[in-house]
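Data first, discussion second: the structure below is written as structure tokens.
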Amino acid sequence: MKYPLINGVLAFVLFSFTAALPIASANNNTVTFPANFTWGSATASYQVEGAYQEDGKGVSVWDTYTNQHNISNGDTGNVAIDQYHRYKEDIALLKKLGIKSYRFSLSWARLLPEGTGKVNQAGIDYYNNLINELLANDIKPAITLFHWDYPQALANQGGWGNRKSIDWYTNFAKLAFQSFGNRVDTWITFNEPYIDLMIFEPLIGNRIHPTFPAPPNHPFELPNAVMAKQATKTHHLMMANAKAIQTYRSLGYKGQIGITLNLSPVYAATASTQDFKLSKIEDGIMNRWFLDPALRGAYPEDIKALYEHYAPMKIKSGDLAFLKANRGDFIGINYYSPLRVGADAQSVHFGLKIQPNPNQWKAYNGESYPDGLYELMRRIDTTYNHPAIIVTENGAGYGTADDTLVDGQVHDALRIAYLKDHLVSAKKAIDNGVNLKGYYYWSAFDNFEWLSGYKARFGLIHVDFATQQRTWKDSATAYQQIITNNGF
Ligand code: BGC
């Protein structure tokens, strides 16, 4: 079933009607998932926890960005949705939603205020309480070790540019495994290194101390030389990923561990050879640059050559073999939209321009194109030797047209359509042999949306950011029904 997003009002009426249909019985499903499929939803520490200076927590770079540099329209994650204090209420809502697994991330600086060294017991206690409460409600915790809130103390020592960052991260990961590994069997080492190191760090760094003109067309269109400078940092991160995986296994834990990447199929805007070539470059920058080291222990030569034109990468002998020997148990995919690219001689970003979103109803994270999820998973399945895949994020927000609270209700029909369309695509991938184990909707709750602050909502559950009141959206009901019926 497919809801044509571009058909405007007609489609909107159809979505609303569809959303209001009674629960279909499992036998009436048109889309049914495997019996052991993991239905989940996700958040991240900086986006939900708040309590930014409580109980001994250290400072993260996001505390600095938002409090000292006004990077998110004046909004901060200081309170966020206050999950630090409201986790019991939130877990009760997740239980009602019916999810089997909750993906959340650890605030590194809450556990290790200086990034290394002294452990903050209150931080350990908080995550122990969260995990125990989830388990008491039959929800499996899935921990993301790192979702962007890097300890400021380590950033001050060069962050991922410093090769010591591999050991800093591994020590943090080991602390987490030894503290929580007896109750947590799904671990995600990193969330979206591309967005963290190739986009946000240079983009935000440039807003604070401008060295190049802000990308006028699309935030991903950073200058070649700027991205090239980040390449060694991404290598250190990939080494840290492999080392954490090795450590997890060497400690004897039997759960699953992998990395989560944001991936987008990249299409040429026209049939020209030039656009086709440029689409391969953008694909290399965004997708292959991370998939290849994670899943086959190598960097794509075409992109490495582009980066090394500006600065040689610091890869030590033995590094690539180490990456290859420590591949994760699964690959986590965050999928929101594809990219369409065309030649632009003026562009400082590899001579290409990212095309505007063609949809009538525009989601925050770009074009809604459910087939892209299917294509992506099939490609990973065939190119990288059939890995287990988990969709660790997929979701949408469309602004007030879809997300307004009126009389205690949010009729977010576009979000429901987005969810169902992507699940159809996910099921098609399973039917075609992809080893897809689970799906986590982003996000369980409206929360702090990075550079957009509180202006962009992705949640199944509405949060009034002034009162912290939580309200069930129609999409929460829809997802609850899908989980109950293991399909729709
Ligand atoms: C990130 C989330 C973010 C979501 C929606 C993903 O890139 O992992 O932290 O909130 O997209 O923009």
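Given a Förster radius of 35 Å and the C-beta distance between residue 95 and residue 207 as r, what FRET efficiency does 1/(1 + (r/R0)^6) yield to the nearest 0.05? So, using R0 = 35 Å, E works out to roughly 0.30. A convex hull fitted around the alpha carbon atoms of the range 361-464 yields 103 Å³ per residue.
Calculated accessible area for the chain comes out at 38 Å² per residue, all protein chains present (probe 1.4 Å; ligands, DNA, RNA ignored).
Using the Cα gyration tensor of the range 294-396, with a ≥ b ≥ c the square roots of its eigenvalues, what is the shape: rounded (a/c below 1.5), prolate (a/b larger than b/c) or oblate (neither)? Oblate. Taking 0.36 nm per residue of sequence separation and removing the Cα-Cα distance, the residue 346/residue 384 pair yields an extension gain of 10.1 nm. State the percentage of accessible surface on the chain attributable to carbon and sulfur atoms; use a 1.4 Å probe and exclude ligands, DNA and RNA. On the chain, the fraction of accessible area on carbon and sulfur atoms equals 53 percent.
Each peptide among 260-267, 438-445, 245-252, 291-298 gets the average number of other Cβ atoms lying within 10 Å of its residues, and from highest to lowest they stand as 438-445, 260-267, 291-298, 245-252.
Summing +1 for each Lys or Arg and -1 for each Asp or Glu among the other residues whose beta-carbon sits under 14 angstrom from that of residue 407 gives -1.
Our Cα-only numbers for the range 271-316 put the radius of gyration and Dmax at 11.8, 40 Å. For the range 252-339, the spherically averaged projection of the C-alpha convex hull amounts to 7.4 nm².
In the chain, helical runs assigned H by DSSP with n ≥ 4 each contribute -39500 (n - 2.57); averaged across all residues and rounded to the nearest 500, the mean residue ellipticity at 222 nm is -12000 deg cm²/dmol. Calculated from the alpha-carbon coordinates, the range 90-163 shows an Rg and a Dmax of 14.9, 45 Å respectively. The modelled label-to-label distance between residue 69 and residue 225, using points 7 Å beyond Cα along the C-beta direction, is 2.0 nm. For the Cα trace of the range 8-485, dividing Rg by the Kirkwood Rh returns an Rg/Rh value of 0.94.
Were the residues from residue 301 through residue 125 laid out at 0.36 nm apart, the gain over their Cα-Cα distance would be 58.8 nm.
If the chain linking residue 271 and residue 484 were pulled fully straight, counting 0.36 nm for each residue of separation and taking away their Cα-Cα distance, it would gain 72.2 nm. Counted over the range 438-488 with a bin width of 5 Å, the fraction of Cα pairs per bin, in whole percents, is 5, 20, 26, 22, 14, 9, 5, 0.
Counting only the Cα atoms, the range 57-107 fills a convex hull of 100 Å³ per residue.
Sorting 69, 85 by solvent-accessible area of protein heavy atoms yields 85, 69, largest first, with a 1.4 Å probe. Over all distinct Cα-Cα pairs of the range 210-310, the Kirkwood formula returns a hydrodynamic radius of 15.6 Å. In terms of Cα to Cα distance under 20 Å, which aspartates and glutamates are near enough to residue 420, apart from those fewer than 8 places away along the same chain? Counting by Cα, and skipping residues close in sequence, residue 420 has these aspartates and glutamates nearby: 367, 371, 375, 393, 402, 403, 412, 431, 446, 474.
The values are calculated or read from the model by the stated rules, or taken from the named source; none is laboratory data. From a predicted model like this one, the values you see are computed outputs, not experimental measurements. Quick reminder, even Gly has a Cβ in these numbers, built from the backbone with ideal geometry, and neighbours come from all protein chains shown. Ligands, DNA and RNA are excluded from the accessible area calculation, which covers all protein heavy atoms including side chains. Shrake-Rupley method; radii C 1.70, N 1.55, O 1.52, S 1.80 Å.
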